[in-house]
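Here's the structure, in structure tokens; my notes come after.
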Amino acid sequence: MNRREFLGLGVGAFAANAFAELRVFETGIENESVLKVEPLEIDLGLGKAFKVFHFSDTHLNFFDAVDFSAVERPKKDHFHKRWVRFPQAVQSFYASLDYARKRNLPLLHTGDLVDFSTDGNDRFLEHNLNGLDLHYAIGNHEYQTRAPEHYDPEPEKPRKRMQKFFKGDLSVSSRIIGGANFVSLDNARQNVREKTIAGVKAEFERPFPIVLMCHIPPFYTAKFLQNSAQSKYEIARGLGKDVRREDFKPGRNVWDSYDQTTRDFWTWVQTKPKLKAILCGHTHIAEIDGFSETAQMYVAGGNYEGRAYEITFK
């Protein structure tokens, strides 16, 4: 097999496998009334182009009688508020699958597929992800449960709960697509675990250009912070609150909350010329920003309102 044949290997096979046994309902809608797909081009130096579908922050939010009976009134109210926050999530998710399937695009999702871990969401994922090969980086909302706490105090439990829906390890996993190594890692609780760091470093030993996938951008620039404040303002207004724009100030840079191990890890990643891009989400606003001399961060907008990237790698 020559280099040209090798570089072409994996894209069609990945996409065909992704949809081989897909059991979802087609919406029949893929136009601008639901989806807002933005085209991107990223140069990996491969000399042969291929496309992928990158989406993030779908925030599916199903809860049922079992979930409802297991919590007190404050959590019931929280369920209702989150459903109102993301009313288009299911339609956007199905329309995204329709769009990618019709174009035979590999599916890459960078977290917050669900808004919280519930029995209702589990049943939705079991039905819709069965047979769907979705390369996935876990998000912070997958760590939120129906418990009263904002995050589950035992993070390994919700991570294990989500793991059964995906082929790759949610700590760190990789796929070769079109001659590039797509490496997903768990940074959803901001700090990166040593197990994950070791796994990512091992991937850099392989002879492929690397595209990292994670939920939270490694650091926020001034523009990221301003967009975060804008997003929170829009959420508050959408919930019917009488708020002033000037009350929403840019938040703390995520880098400031890292432990030293995580800071050292991201500093190490910045020195690696094999890194060609970082795909992420979390902020709900599409953004492209710098990361290193060879790579930029590509943040996908909120898929709950139909946003996604169709990326041409070349």
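Test Arg146 against the stated conditions and say whether it is at pLDDT below 95, of a type in the set (Lys, Arg) and out of contact with any strand residue (DSSP E or B) (no Cβ under 9 Å at 6 or more places or on another chain). So Arg146 does not fit the description; no.
Can you find, within region 227-239, the residue that is nearest to Gly251 (Cα to Cα) among those that are modelled with pLDDT of 75 or more and open to solvent by less than 60 Å² (accessible area, probe 1.4 Å)? This residue is Ala229.
One residue alone among Val71, Val66, Val90 is surrounded by fewer than 21 Cβ atoms within 10 Å (Cβ to Cβ), closer than 22 Å to Ala137 by Cα and hydrophobic (A, V, I, L, M, F, W, C), and that residue is Val90. Beta carbons closer than 7 Å, at least 6 apart along the sequence or on distinct chains, pair a first residue in region 217-230 that is in contact (Cβ under 8 Å) with a residue 12 or more places away in the chain with a second that is among the basic types (Lys, Arg) for Ala229/Lys249. In the condition set (1) touching a residue at least 24 places away in the same chain (Cβ under 8 Å); (2) under 18 Å from the mean Cα position of the chain (by Cα), Gly131 is compliant with all but (2).
Looking at region 183-190, can you tell me whether even one residue there is open to solvent by 30 Å² or more (accessible area, probe 1.4 Å) and touching a residue at least 40 places away in the same chain (Cβ under 8 Å)? Scanning region 183-190 turns up at least one residue that is open to solvent by 30 Å² or more (accessible area, probe 1.4 Å) and touching a residue at least 40 places away in the same chain (Cβ under 8 Å).
For region 117-131, does any single residue satisfy the condition of being buried (at least 21 other Cβ atoms within 10 Å of the Cβ) and at positive phi? The answer is no; no qualifying residue exists.
Only a single item in (1) of a type outside the set (Ser, Thr, Tyr); (2) surrounded by 19 or more Cβ atoms within 10 Å (Cβ to Cβ); (3) within 25 Å of Ser173 (Cβ to Cβ); (4) at pLDDT below 95 is not met by Phe224, and it is number (3). Looking only at region 258-298, residues that are modelled with pLDDT of 95 or more, outside any helix (DSSP H, G or I) and aliphatic (A, V, I, L, M) come to 6 in all. Total residues in region 101-136 satisfying the condition of being under 28 Å from Val11 (Cβ atoms) and part of a loop (DSSP other than H, G, I, E, B): the figure is 11. Remark: pairs (first residue in region 68-86, under 14 Å from Gly238 (Cα atoms); second residue among the charged types (D, E, K, R) and surrounded by 15 or more Cβ atoms within 10 Å (Cβ to Cβ); Cβ separation under 7 Å; 6+ apart in sequence or on different chains) = Arg82/Asp115; Phe86/Asp115. Remark: Asp242 falls outside the filter, which requires a residue to be surrounded by 11 or more Cβ atoms within 10 Å (Cβ to Cβ) and out of contact with any strand residue (DSSP E or B) (no Cβ under 8 Å at 6 or more places or on another chain).
The values are calculated or read from the model by the stated rules, or taken from the named source; none is laboratory data. Owing to the predicted nature of the structure, the values given are computational and were not obtained by experimental measurement. In this analysis, Cβ positions are derived from the backbone assuming ideal geometry, glycine residues included, and neighbour counts consider all displayed protein chains. Accessible surface areas use protein heavy atoms only, side chains included; no ligands, DNA or RNA. Shrake-Rupley method; radii C 1.70, N 1.55, O 1.52, S 1.80 Å.
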